[in-house]
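Here, each number is a calculation from the coordinates, and none is a lab measurement. All figures in this text were calculated on a predicted structure; none of them were measured in a lab. We place every Cβ from the backbone using ideal geometry, glycine too, and count neighbours over all the protein chains shown.
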Amino acid sequence: PADTTPARAGVIASKAAIGDAVLRNRAKRRLREVFRRHQQAVPPGLDLLLTARPALLRLGFPEVEQRFVQA
């Protein structure tokens, strides 16, 4: 059954690491979008926990995507 379950992702963006609510929401949106675009590359049944770090908002979106795919 785990092989047929699609991959899932949880996103964490703490106030201490990212900042106020606007920045935390932006970071979470970026991580969710990267996962959405590349979820076919994640093995089925796998649960990912994506943690936002301060560099996430300094990097361009293509760089974030590239790092996700490499990981």
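In sequence order, region 25-31 has phi-based couplings of 5, 4, 4, 5, 4, 4, 5 Hz under the Karplus curve 6.51 cos²θ - 1.76 cosθ + 1.60, θ = phi - 60°, and Gly or Pro positions carry x. Helix content alone sets the calculated 222 nm mean residue ellipticity of the chain: runs of n ≥ 4 DSSP H residues at -39500 (n - 2.57) each, divided across all residues, give -13500 deg cm²/dmol. Summing charges over all other residues whose Cβ lies under 15 Å from the Cβ of Arg36, with Lys and Arg as +1 and Asp and Glu as -1, gives +4. Using the Karplus relation 6.51 cos²θ - 1.76 cosθ + 1.60 with θ = phi - 60°, the per-residue 3J(HN,Hα) values for region 38-51 come to 10, 5, 5, 7, 8, x, x, x, 8, 10, 9, 10, 9, 10 Hz, with x marking Gly and Pro. From the largest down, the chain spans 40, 22, 15 angstrom on the principal axes of its Cα atoms.
Residues whose amide H lies under 5 Å from that of Leu48, counting only those 5 or more places away or on a different chain, are Arg8, Ala9, Gly10; hydrogens are built 1.01 Å from N in the peptide plane.
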